[in-house]
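A.B. asks: Dropping a structure here in structure tokens format, bear with me for questions.
The values are calculated or read from the model by the stated rules, or taken from the named source; none is laboratory data. Small disclaimer: the values here were computed from a predicted structure and weren't measured. Every residue, glycine among them, receives a Cβ derived from its backbone with ideal geometry; neighbour counts consider all protein chains shown. Keep in mind that these areas ignore ligands, DNA and RNA; they rest on the heavy atoms of the full protein, side chains included. Shrake-Rupley method; radii C 1.70, N 1.55, O 1.52, S 1.80 Å.
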Amino acid sequence: MTNIMDAARKVEELMDSKDFSGVVLLKQNGQTLLNLSRGYANRSDELFNQIDTRFGIASGCKIFTAVSICQLIEQGRLSYDMRLAEALNIDFPLWHKEITVHQLLTHTSGIPDYFDEEVMEDFAKLWKERPVYSMRNGSDFLPMFQHLPMKAAPGERFHYNNAAFIVLGLIVEEQSGQPFTEYVQEHIFKRCGMTNSGYFLTDQLPRNTAIGYIDNEDGTWNTNIFSIPIKGGADGGAYTTAPDMICFWDGLLTYQLLSESTTQHLITPHVHEEGETYYGRGVWVDQKNEGIFKIHVMGFDPGVSFMSSVYPEHAAQLVVLSNKESGPYPITRAIEETLFEV
């Protein structure tokens, strides 16, 4: 990798021009190339973001759900081809009987979603009739989609689906006998050494955790405490730090969480999204010249934006965390253009 000074300059310029609030960490072969932070973790008390500040990552933690399912498959409790009705003892009366675990993992199940990004944009609107403080477990989401009809036939097409991962989390609970968040804490975070990560309650955030902020057009702002569920789960809402996210990638790609075969199937492109972007199982995969350019996750909620990527050919890992609604994409793009000649 060359041009690291150019990349650092471009990133710092973007941080200033976009009023970025968050952290950027780039490593290659275990060496830190970029380690930058900007903005406030707490605006009222003017506490600055630090490299080890915890941030919400929204849907970026769907990969934790996928890894959990794959671990249970390795234990023989599930299979990719297992039908939903065999894996979970909950009735979905209007759903197709042939839905499989694999289809849920790859957003191809065709089930309805509680937050359908094809028909609505504002996640916060969901909570005007249903209080966020009541959304503490996966089962709390069931009334929002359990009795809705199918959106498409199983396997027919890719449709990004949060409800599918809620269902996967309920499968983890039934098959493991543990609450989902406790399962992830024990079998992923602890195993990878992610000591600062967790599924925290928004009204009980631990120290050194960034509060999510929503900026209004008139220059005012408010926190996101009334705009996201009080506790995250299988479809999103975990908190992590940039170093912890690097620990996760290291654990996953050195086969500490899953066998080599299962890991490779996790990051294999299973369904085409658009352009050179594909979806594996709980993770996005971008191809270039018929090879894998990057494996990445992302998450966006009110007051939360996050992107993290692994570049196999360059042995590089990038984490961009923010407690505002935008920022990671232009920074990620600038680094890729400068260092990886995208």
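A.B. asks: Is the C-alpha gyration tensor of the range 69-219 telling us rounded, prolate or oblate? Criteria: a/c under 1.5 is rounded; beyond that, a/b larger than b/c is prolate, otherwise oblate.
C.D. replies: Oblate.
A.B. asks: Can you tell me which lysines have their Cα less than 26 Å from the Cα of residue 151? Leave out same-chain residues fewer than eight positions away.
C.D. replies: 62, 97, 125, 128
A.B. asks: Which residue fluctuates most in the GNM of the chain (Cα springs below 10 Å): 44, 17, 109?
C.D. replies: In the Gaussian network model the winner is 44.
A.B. asks: Which of the three applies to the range 10-53, rounded, prolate or oblate, going by the alpha-carbon gyration tensor with a ≥ b ≥ c and a/c under 1.5 meaning rounded?
C.D. replies: The shape class here is oblate.
A.B. asks: Near residue 27, which lysines are there with a Cα under 16 Å away, not counting those fewer than 8 places off in the same chain?
C.D. replies: 294
A.B. asks: Name the residues whose placed amide hydrogens come within less than 5 Å of the amide hydrogen of residue 209, ignoring near sequence neighbours (fewer than 5 apart) on the same chain.
C.D. replies: Answer set, sorted by chain and number: 54.
A.B. asks: While we're looking at this one, here's another question. At what distance in nm do the modelled label points of residue 204 and residue 124 sit from each other, each positioned 7 Å from its Cα along Cα→Cβ?
C.D. replies: Those two pseudo-labels are separated by 2.6 nm.
A.B. asks: Considering only protein heavy atoms and a 1.4 Å probe, what is the carbon-and-sulfur percentage of the accessible area of the range 144-224?
C.D. replies: Whole-percent figure for carbon plus sulfur exposure: 47.
A.B. asks: Under the rule that an exposed site lies in a DSSP loop and has at most 12 other Cβ atoms within 10 Å, name the longest stretch of the chain with no trypsin sites (Lys or Arg not before Pro) of that kind, not counting the sites themselves.
C.D. replies: For trypsin sites (Lys or Arg not before Pro) (loop position, at most 12 other Cβ atoms within 10 Å), the longest site-free span of the chain is 208-342.
A.B. asks: Calculate one ³J(HN,Hα) per residue across the range 244-251 by plugging θ = phi - 60° into the Karplus curve 6.51 cos²θ - 1.76 cosθ + 1.60, and present them in order as whole Hz with x for glycine and proline.
C.D. replies: Residue by residue, the range 244-251 yields 5, 5, 4, 4, 5, 4, 4, x Hz.
A.B. asks: Given H placed 1.01 Å from N in the peptide plane, which residues other than close sequence neighbours of residue 34 have an amide H under 5 Å from its amide H?
C.D. replies: Amide H neighbours of residue 34: 26.
A.B. asks: Using the heavy atoms of the protein chains and a 1.4 angstrom probe, tell me the accessible area per residue for the chain in square angstrom.
C.D. replies: Accessible area per residue, the chain: 44 Å².
A.B. asks: Quick check: Cα centre of the range 166-181 to Cα centre of the range 1-71, how many Å?
C.D. replies: That distance is 30 Å.
A.B. asks: Tabulate in residue order the Karplus-calculated ³J(HN,Hα) for the range 325-334, using 6.51 cos²θ - 1.76 cosθ + 1.60 with θ = phi - 60°, rounded to whole Hz; enter x for Gly and Pro.
C.D. replies: The phi angles translate into 7, 8, x, x, 5, x, 5, 4, 5, 4 Hz.
A.B. asks: So if each residue of separation counts as 0.36 nm, and I subtract the Cα-Cα distance between residue 50 and residue 75, what length gain in nm does that give?
C.D. replies: This chain segment gains 5.1 nm when fully extended.
A.B. asks: Taking H as built 1.01 Å from N, whose amide H comes closer than 5 Å to the amide H of residue 151, not counting residues under 5 places away?
C.D. replies: When sequence neighbours closer than 5 places are left aside, the close amide H contacts are 111.
A.B. asks: Tell me the mean residue ellipticity at 222 nm calculated for the chain from its helices only (DSSP H runs of n ≥ 4, each -39500 (n - 2.57), averaged over every residue, nearest 500).
C.D. replies: -7500 deg cm²/dmol
A.B. asks: In the chain, once you exclude exposed GluC sites (Glu not before Pro) (DSSP loop, at most 16 other Cβ within 10 angstrom), what's the longest stretch remaining?
C.D. replies: In the chain, the maximal stretch lacking such sites is 157-216.
A.B. asks: Let me make sure I get this right: for the range 111-183, a, b and c are the square roots of the gyration tensor eigenvalues over alpha carbons, sorted descending. Under 1.5 in a/c it's rounded, otherwise prolate if a/b > b/c, else oblate. Which is it?
C.D. replies: Oblate, since a/c reaches 1.5 and b/c is not below a/b.
A.B. asks: For a label point 7 Å from the Cα of residue 18 along Cα→C-beta, name the residues of the range 306-326 whose backbone N is under 14 Å from it.
C.D. replies: 306-309, 319-326
A.B. asks: In whole Hz, what ³J(HN,Hα) sequence does the range 182-196 give by Karplus (6.51, -1.76, 1.60; θ = phi - 60°), x for Gly and Pro?
C.D. replies: 5, 4, 5, 4, 7, 9, 10, 4, 5, 5, 8, x, 8, 6, 10
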